[in-house]
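Q: Let me give you the structure first, and then I'll get to my questions.
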Amino acid sequence: MSNSTAITDIATLVTNDPSLGDNSPLGLIQDAAVVIEDGRVVWTGESSKAPATDNRVDAGGRAVLPGFVDSHSHLVFAGDRTQEFNARMSGRSYTAGGIRTTVAATRAATDEELERNLTHYLAEALRQGTTTFETKSGYGLTVADEARALRIAARHTDEVTYLGAHIVPPDHADDPAAYVDLVTGEMLDACAPYARWIDVFCEKGAFDGDQARTILTAGKARGLTPRVHANQLSYGPGVQLAVELDAASADHCTHLTAADVDALAHSRTVATLLPGAEFSTRAAWPDARRLLDAGVTVALSTDCNPGSSFTSSVPFCIALAVRDMRMTPDEAVWSATAGGAAALRRTDIGRLAPGARADLLLLEAPSHVHLAYRPGVPLVSGVWRNGVRVVG
């Protein structure tokens, strides 16, 4: 038997559907209501016009938004890199080498330890409004360890990414070509059944453009859609490769040429910006304004990982994006919801329109702008996932 719930007296409802609201990208409706039934949104509009339902929840003049879609995280890991962070904040620079520390700890951990760690951070993210998340392997770098990371992740999300090509592990340092063969052969065979996506860290010190193309092409042949860690630490071929292979997203996008921006603008590849990484490494900020003004679709995500961005808070990333990447509050909220959905090629999430999944959050504030206006304050007081209230 179906059960309908109306959330009424919403000061500001973010629908991300311009046709439902004020014709802005956020599709704002003031003094609004949303009706959910069987895990879906079935109606949105002015609160006074809300249809009769089995249950009512009074939002009390608060804002309601789609749940955050965190389209880039690395949550299957073990160990701790507090000392590395402390050293970096005390004056030493970040290099990709720190990944090896996590690889050693992850290989040594039991399945139970890895899953317990994963569910801990998922619960932490959910309390802060994240209702959909992508997560990657990449801290195992052996056939068995990559496959078990994805197997564990797949129990908790549909958005699982095979990142065997995170770095060349120490045991293959003398023969990177053999590692590429492993990633595109036996490791891919073991990992493909658990994954939807394939990713590669295309960067100096990780994988060059030719290696990355080989890896992503092999994944595509196995039905995995590419994503690329692109142009994070330096200028490079990552963004162009992402566009060439119709990757769902090019992630980081910190060092871009005019040609890179143009390529993204004329593709369906989303530029996923990860300000937590720049915050945690004191690196140059990506220029979101440049991308948005060129017409690029931008997503905003946490990059939650133990080395370079150990935050699970999308609200924190929204505040950083507004303050330091020249996004407007509206743009940052759109990018953390609808933008993340676009980066995962999903139309059922990231919006609150009839037919969409009833993934939504309630803010202790009258407007979504407070996410940037009140940084660091825990404003998310209620979360619904699939129509069920899971927080608050």
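Q: Exactly one of these conditions fails for Glu84: (1) open to solvent by 20 Å² or more (accessible area, probe 1.4 Å); (2) in contact with a helix residue (DSSP H, G or I) (Cβ under 6 Å, 6 or more places away or on another chain); (3) modelled with pLDDT of 95 or more. Give me its number.
A: Result: Glu84 fails condition (3) only.
Q: Among the residues of region 167-176 satisfying the criterion of being in contact (Cβ under 8 Å) with a residue 12 or more places away in the chain and assigned to a helix (DSSP H, G or I), which is surrounded by the most Cβ atoms within 10 Å (Cβ to Cβ)?
A: Pro176
Q: Oh, and also: Hey, any hits in region 331-353 for a residue that's farther than 16 Å from Ala59 by Cα and either assigned to a strand (DSSP E or B) or over 20 Å from the mean Cα position of the chain (by Cα) (or both)?
A: The answer is yes; a qualifying residue exists.
Q: Here's something else I'd like to know. Out of region 181-206, which residues are open to solvent by 10 Å² or more (accessible area, probe 1.4 Å) and aliphatic (A, V, I, L, M)?
A: Selection gives Leu182, Ala190, Ala192, Ala195, Ala206.
Q: A further question follows. Restricting attention to region 267-322, which residues are charged (D, E, K, R) and buried (at least 24 other Cβ atoms within 10 Å of the Cβ)? Before the answer, list the steps.
A: Let us first name the residues in region 267-322 that are charged (D, E, K, R), namely 268, 278, 282, 287, 289-290, 293, 303.
Within region 267-322, Asp303 is the sole residue that qualifies.
Q: Return a yes/no flag: does region 380-387 have any residue that is closer than 15 Å to Ala11 by Cβ, under 19 Å from the mean Cα position of the chain (by Cα) and modelled with pLDDT of 95 or more.
A: Checked against the condition, which is being closer than 15 Å to Ala11 by Cβ, under 19 Å from the mean Cα position of the chain (by Cα) and modelled with pLDDT of 95 or more, region 380-387 yields no hits at all.
Q: Answer yes if at least one residue in region 207-222 is surrounded by fewer than 24 Cβ atoms within 10 Å (Cβ to Cβ), in contact (Cβ under 8 Å) with a residue 24 or more places away in the chain, charged (D, E, K, R) and in a helix (DSSP H, G or I), and no otherwise.
A: For region 207-222, residues surrounded by fewer than 24 Cβ atoms within 10 Å (Cβ to Cβ), in contact (Cβ under 8 Å) with a residue 24 or more places away in the chain, charged (D, E, K, R) and in a helix (DSSP H, G or I): present.
Q: Further, regarding this structure: When only residues in region 53-83 that are out of contact with any Ser or Thr (no Cβ under 7 Å at 6 or more places or on another chain) and touching a residue at least 12 places away in the same chain (Cβ under 8 Å) count, which is farthest from Thr8 (Cα to Cα)?
A: Going through the qualifying residues, I end up with Asp80.
Q: So which residues in region 153-166 are surrounded by fewer than 23 Cβ atoms within 10 Å (Cβ to Cβ) and either hydrophobic (A, V, I, L, M, F, W, C) or within 21 Å of Glu113 (Cβ to Cβ) (or both)?
A: Listed by number, the residues that qualify are Ala154, Arg155, His156, Thr157.
Q: For region 223-238, enumerate the residues that are buried (at least 24 other Cβ atoms within 10 Å of the Cβ) and touching a Ser or Thr at 6+ places or on another chain (Cβ under 8 Å).
A: Of everything in region 223-238, those that are buried (at least 24 other Cβ atoms within 10 Å of the Cβ) and touching a Ser or Thr at 6+ places or on another chain (Cβ under 8 Å) turn out to be Arg227, Val228, Asn231, Gln232.
Q: If you check Val103 against the conditions, is it over 30 Å from Val35 (Cα atoms), in a loop (DSSP other than H, G, I, E, B) and open to solvent by less than 20 Å² (accessible area, probe 1.4 Å)?
A: Details: over 30 Å from Val35 (Cα atoms): yes; in a loop (DSSP other than H, G, I, E, B): no; open to solvent by less than 20 Å² (accessible area, probe 1.4 Å): yes.
In short, no.
Q: Just for region 17-52: of the residues that are open to solvent by 20 Å² or more (accessible area, probe 1.4 Å) and in contact with a helix residue (DSSP H, G or I) (Cβ under 6 Å, 6 or more places away or on another chain), which one is nearest to Glu364 (Cα to Cα)?
A: Filtering region 17-52 for residues that are open to solvent by 20 Å² or more (accessible area, probe 1.4 Å) and in contact with a helix residue (DSSP H, G or I) (Cβ under 6 Å, 6 or more places away or on another chain), the one nearest to Glu364 (Cα to Cα) comes out as Asp31.
Q: So, one more: Name every residue in region 178-206 that is touching a strand residue (DSSP E or B) at 6+ places or on another chain (Cβ under 8 Å), aliphatic (A, V, I, L, M) and either closer than 19 Å to Val243 by Cβ or without any contact (Cβ under 8 Å) to a residue 24 or more places away in the chain (or both), in order of residue number.
A: Ile198, Val200
Q: Also: Which ones in region 291-341 are without any contact (Cβ under 8 Å) to a residue 60 or more places away in the chain and closer than 21 Å to Tyr139 by Cβ?
A: Hits for region 291-341 are Ser309, Thr311.
The values are calculated or read from the model by the stated rules, or taken from the named source; none is laboratory data. From a predicted model like this one, the values you see are computed outputs, not experimental measurements. Here the Cβ is made from the backbone with ideal geometry for all residues, glycine too, and neighbour counts use every protein chain on show. Keep in mind that these areas ignore ligands, DNA and RNA; they rest on the heavy atoms of the full protein, side chains included. Shrake-Rupley method; radii C 1.70, N 1.55, O 1.52, S 1.80 Å.
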